[in-house]
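Only one structure is covered here, and it is reproduced in the block below.
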Amino acid sequence: MQSATSEVTRSSTTPRTARGVLARYAEFLPLTAATPALSLAEGDTPLLAAPRLAKWIGVDDLHLKYEGANPSGSFKDRGMVVAVAKAIEAGSTTIICASTGNTSASAAAYAARAGIEAVVLLPAGKVARGKLAQAIMAGATVITLDGNFDQALSVARDLARDYRVALVNSVNPHRIAGQTTAAFEVCDVLGDAPEVVALPVGNGGNVTAYSEGFRIYRDANRSTRMPMFIGAQAAGAAPLVHGAPVANPETVATAIRIGNPASWKSAVNAVTSSGGEFSAVTDDEILESYHKVAELEGVFCEPASAAGIAALRIAVRNGRVAPGMRAVCVLTGNGLKDPDRAVPESFAPAILPADAAELARQLHLTRLS
Ligand code: F0G
């Protein structure tokens, strides 16, 4: 009797040993017997209660979904593992993407893992160095284009249409399918969907995926509600706020420096059907949140990721979000990717003598009695 019960329990839950989103969420992903079991143990990222940041934002109950803990340091890995596995299943040996950095880092990593080729198209001069390092180290063919992300994506789409190369940007539906797993994890940990989810929006793929993920879970009776989405865009790259493409997007949050989102329609549907809003946040507001989340919670995210925090704070102030609503901020990427942003150019610490008594004096330490 005892063993029969535990047998049932085991078969109806995820095995403890299963790593990576293909194994953990197979039932919700477009997998077949021929899909390779690709994994870098992506997903299963921390959902951290953040009481000190909550107070600064003005909400009672805040969690941070720290996607910087993924293998390549961003949420892209969830979708990339599915996109690359499906590309291989379809017979591809080369993948291509345009990227502001994170997609290229992820594509390069999964292509290396799978033993196939990756070509990444980057806008000149605007990619954080850590992301560039990742693509180079994984052996991707790194091409810098004289153009912005929107132009690079246009070229990548043309190449994938006319040549033997698989496109792994989020216009590939397998990317979106993989990224739905983040919403599943949030529900699995909280026991239901939160009431509000704030996240940065660039090309619009991730907010589309969260919306689909929460809907899939609700329809499967794993959760009871859909959250309201607060979609954060940088003020200098806010086409979804203005309702028109931006020809020359500019922001310190280079990951979301996008003027003409490929998933425009589905992103707008996700946000408007949720009763939420797109919000433009200034670079100063982004950087303020970037510092606050690190100082108040010890969580180092990249600037784009902090845009969601800034937008949630504004939404609380303007009354769109009530303080009692359970909120999740998605921190999409790891702060280590963009160290140049974190370390001020003026940072030139005084070099002190290696002497304990002198340090104790400088640090105003109290001597043990
Ligand atoms: N946050 C980070 C850290 C990103 O890298 C991106 C997108 C987003 C948010 C926005 O997500 O595009 O799905 O709305 N980065 C892409 C890239 C464009 O090439 O790495 P989205």
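The values are calculated or read from the model by the stated rules, or taken from the named source; none is laboratory data. Everything numeric in this text was worked out from a predicted model, so none of it was measured. All Cβ positions, even for glycine, are placed from backbone atoms using ideal geometry, and neighbour counts span all protein chains on display. Only protein heavy atoms, including side chains, enter the accessible area calculation; ligands, DNA and RNA are left aside. Shrake-Rupley method; radii C 1.70, N 1.55, O 1.52, S 1.80 Å.
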Matching residues, the stretch 92-110, being in a loop (DSSP other than H, G, I, E, B) and either modelled with pLDDT under 95 or closer than 20 Å to N203 by Cα (or both): S99, T100, G101
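For the stretch 272-303, give me each residue that is of a type in the set (A, V, I, L, M) and either part of a helix (DSSP H, G or I) or more than 13 Å from L331 (Cα to Cα) (or both).
A280, V281, I286, L287, V293, A294, L296 - these are the residues of the stretch 272-303 that are of a type in the set (A, V, I, L, M) and either part of a helix (DSSP H, G or I) or more than 13 Å from L331 (Cα to Cα) (or both).
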Of all residues making up the stretch 131-148, the number that are farther than 20 Å from A109 by Cα and touching a strand residue (DSSP E or B) at 6+ places or on another chain (Cβ under 8 Å): 3
Criterion: within 16 Å of A234 (Cα to Cα) and more than 16 Å from the ligand (Cβ to nearest atom) - qualifying residue of E288, E297: E288
Qualifying positions in the stretch 48-91 - part of a strand (DSSP E or B), under 27 Å from R113 (Cα atoms) and open to solvent by 10 Å² or more (accessible area, probe 1.4 Å): Y66
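State all residues of the stretch 127-141 that are over 18 Å from the mean Cα position of the chain (by Cα) and surrounded by fewer than 17 Cβ atoms within 10 Å (Cβ to Cβ); if no residue qualifies, say none.
A133, I136, M137, G139, T141
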In the stretch 236-253, residue most open to solvent (accessible area, probe 1.4 Å) [restricted to those that are away from the ligand (no atom under 11 Å from the Cβ) and touching a strand residue (DSSP E or B) at 6+ places or on another chain (Cβ under 6 Å)]: V241
Test: S211 is within 19 Å of H63 (Cα to Cα), within 15 Å of the ligand (Cβ to nearest atom) and buried (at least 24 other Cβ atoms within 10 Å of the Cβ): yes
Residue match in the stretch 174-188 (condition: within 24 Å of A112 (Cβ to Cβ), more than 13 Å from the ligand (Cβ to nearest atom) and out of contact with any Phe, Trp or Tyr (no Cβ under 6 Å at 6 or more places or on another chain)): yes
In the stretch 214-235, the residues that are part of a helix (DSSP H, G or I) and open to solvent by 10 Å² or more (accessible area, probe 1.4 Å): R215, I216, R218, D219, A235
Residues within the stretch 153-191 that are of a type outside the set (D, E), within 21 Å of the chain's Cα centre (by Cα) and assigned to a helix (DSSP H, G or I), tallied: 16
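For (1) at pLDDT below 95; (2) open to solvent by 30 Å² or more (accessible area, probe 1.4 Å); (3) in contact with a strand residue (DSSP E or B) (Cβ under 8 Å, 6 or more places away or on another chain), each residue gets a yes or a no:
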position: A255; (1), (2), (3): no, no, yes
position: G259; (1), (2), (3): no, no, no
position: A270; (1), (2), (3): no, no, yes
position: G276; (1), (2), (3): no, no, yes
position: L359; (1), (2), (3): no, yes, no
Lone unmet requirement of (1) away from the ligand (no atom under 12 Å from the Cβ); (2) hydrophobic (A, V, I, L, M, F, W, C); (3) out of contact with any Lys or Arg (no Cβ under 7 Å at 6 or more places or on another chain) for A83: (3)
Filtered residue count, the stretch 314-354, keeping only those that are part of a helix (DSSP H, G or I), of a type in the set (D, E, K, R) and in contact with a strand residue (DSSP E or B) (Cβ under 9 Å, 6 or more places away or on another chain): 1
Considering residues of the stretch 92-117 that are farther than 13 Å from L40 by Cβ and more than 14 Å from the ligand (Cβ to nearest atom) only, the residue surrounded by the fewest Cβ atoms within 10 Å (Cβ to Cβ): G115
